Amino acid sequence: MAETKAAANTDIEHSAQPESIYDFVYDPHEERMLLNFGPSHPATHGTLRLVMELDGERIVSCVPELGYLHHGFEKLGEYRTYNQVVTITDRMNYISPMNNNFAYILAVEKLFGIEVSKRAKYFRVLLAEMSRIMDHLVCIGTWAMDLGAFTVLLYLFRERENLYNLFELLTGTRMTISYTRIGGFARDRDIPPGFFEKIKAFLPGLLKSIDEVEKLLSRNKIWLNRTKEVGVITREDALSYGITGPSLRASGIPFDLRVAQPYSDYQDFEFDIPVGETGDVYDRYIVRMEEMRQSVRIIEQAIDNFPGGELNVDPDTKVMLPRKDEVYGSIEGLIHHFEIIMLNRGTRAPVGEAYVATESPNGELGFYVVSNGGNGPYRF
């Protein structure tokens, strides 16, 4: 026992964590225990270490240890062109990569002073909401599985697979799509024929699955016992800790950047902001479930009111690659292509800085981009 405690104290000094939880002394006559959870464990869905003091199933205190997923994305971005950084943003959250692409490109376009077409804005909104749904499907599915409801995972991952198929039809890939570009999108062609029809055919099945999951969980005694009045975050605490996204709204604060600071013409869409009452785990589940329904509303409006025109800005702006027929059919198109992709030329931004914040599936996601006049970010 003495050796175990000595080892624990050594770990405290190494990680510089608060000492209170590590002062725990095991008493065989009580149900209290100290549990090291992670950093590599299937239920963490990533690499995260939690040192928890438990009283039966109740978590009395917890010390998180972060940093295991640090990849140096900011430094990597300094050695890439603006469009190449898009591939890095995919990896920041591969569950909903389009939202990362979207937020980064908005910051870069603000830096360049580029205004994309209304058609491009609506299409970005549509894809961002599809990614939001995909993120919530994974969140609730794995969440339910960790609490013992495996069937929910199967229902929701079936819908996630359908979304992957739609993204594959559009982009040619399923997960790290890297689809946005400065001034529009990656492909030099328009939206595939029948793409919107396939989305519309998918949505009713998605809503049915959401309803089925609610029937399985919302009145399930085990689910309620493990989520109701558990992990309560009050309104005051949520604001004090700077919590954003569904967790903030679950605490009863109706703040959503899509409404508070509309971007990409979100002001054109009608949707509600789901909020919770007590800020417990159950409210965070309910908010995400309702947000998927609201995302369906936005997607339907985007399709029904989809504008005409071009998806991408004019190639003459020298921020977009020219069309393939121009590259292979004219010397001007070939020169244009090489100038954009060459590291010592490329697309150069004016000296300055820009920040754009968006409402990602898990909260506020903002990108700050600094330019020194080169063809890639000086800092991001």
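The values are calculated or read from the model by the stated rules, or taken from the named source; none is laboratory data. Everything numeric here is computed off the predicted structure, so don't read it as measured data. Positions of Cβ are generated from backbone atoms using ideal geometry, with glycine treated the same way; all protein chains shown enter the neighbour counts.
Of note:
- Unique residue being in the same structural domain as GLY184 (by TED's automatic domain parsing) and not hydroxyl-bearing (Ser, Thr, Tyr) when the list is GLY346, GLY352, GLY276: GLY276
- Test: residue in region 197-209 that is more than 25 Å from MET289 (Cβ to Cβ) and in a helix (DSSP H, G or I): yes
- Residue selection: GLU353 satisfies the criterion of being more than 20 Å from SER264 (Cβ to Cβ), modelled with pLDDT of 90 or more, acidic (Asp, Glu) and not in a helix (DSSP H, G or I).
- Within region 218-241, tally of residues that are small (Gly, Ala, Ser) and in contact with an Asp or Glu (Cβ under 8 Å, 6 or more places away or on another chain): 1
- Scanning region 228-252 for residues that are surrounded by fewer than 19 Cβ atoms within 10 Å (Cβ to Cβ) and not in a helix (DSSP H, G or I) yields LYS228, GLU229, VAL230, GLY231, VAL232, THR234, TYR241, GLY242, GLY252.
- For HIS136, the stated conditions do not hold, so it cannot be described as over 23 Å from SER371 (Cα atoms), outside the structural domain of THR173 (by TED's automatic domain parsing), within 17 Å of the chain's Cα centre (by Cα) and not charged (D, E, K, R).
- Failed item in (1) modelled with pLDDT of 95 or more; (2) surrounded by 12 or more Cβ atoms within 10 Å (Cβ to Cβ), with PRO204 passing the rest: (2)
- Those residues of region 92-151 which are without any contact (Cβ under 8 Å) to a residue 12 or more places away in the chain and within 17 Å of MET289 (Cβ to Cβ), in sequence order: MET145
- Only strands (runs of 3 or more DSSP E) whose full extent lies in region 1-89 are considered here, and none of them has at least 3 residues that are at pLDDT below 80.
- The single condition among (1) under 28 Å from GLU197 (Cα atoms); (2) buried (at least 16 other Cβ atoms within 10 Å of the Cβ); (3) not β-branched (Val, Ile, Thr) that ASP256 does not satisfy is (1).
- Set ILE95, ILE114: member being more than 25 Å from ARG174 (Cβ to Cβ) and either surrounded by 24 or more Cβ atoms within 10 Å (Cβ to Cβ) or of a type outside the set (Asp, Glu) (or both): ILE114
- Qualifying residue in region 157-169 (condition: more than 28 Å from GLY46 (Cα to Cα), in the same structural domain as SER264 (by TED's automatic domain parsing) and crowded, with 18+ Cβ neighbours inside 10 Å): no
- Odd one out for MET320 among (1) under 30 Å from VAL232 (Cα atoms); (2) crowded, with 19+ Cβ neighbours inside 10 Å: (1)
- Lone qualifier among GLY308, GLY276 - being closer than 24 Å to VAL116 by Cα and either part of a loop (DSSP other than H, G, I, E, B) or in contact with a helix residue (DSSP H, G or I) (Cβ under 9 Å, 6 or more places away or on another chain) (or both): GLY308
- Remark: pairs (first residue in region 296-313, outside the structural domain of MET130 (by TED's automatic domain parsing); second residue hydroxyl-bearing (Ser, Thr, Tyr) and surrounded by fewer than 19 Cβ atoms within 10 Å (Cβ to Cβ); Cβ separation under 6 Å; 6+ apart in sequence or on different chains) = GLY309/SER117; GLU310/SER117.
- Pick from region 186-201, criterion touching a residue at least 60 places away in the same chain (Cβ under 8 Å) and surrounded by 14 or more Cβ atoms within 10 Å (Cβ to Cβ), ranking: farthest from ILE286 (Cα to Cα): ASP188
Residues are listed down the side, and each one gets a yes or a no for (1) outside any helix (DSSP H, G or I); (2) farther than 25 Å from LEU365 by Cβ:
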site	(1), (2)
ALA128	no, no
SER131	no, no
GLY141	no, no
GLY148	yes, yes
PHE157	no, no
TYR164	no, no
PHE167	no, no
LEU170	no, no
THR176	yes, no
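- Checking each residue in region 330-351 for being farther than 19 Å from GLY373 by Cα and of a type in the set (A, V, I, L, M) picks out ILE331, LEU334, ILE335.
- Filter result for VAL287 (modelled with pLDDT of 95 or more, under 20 Å from GLY363 (Cα atoms), surrounded by fewer than 20 Cβ atoms within 10 Å (Cβ to Cβ) and not acidic (Asp, Glu)): no
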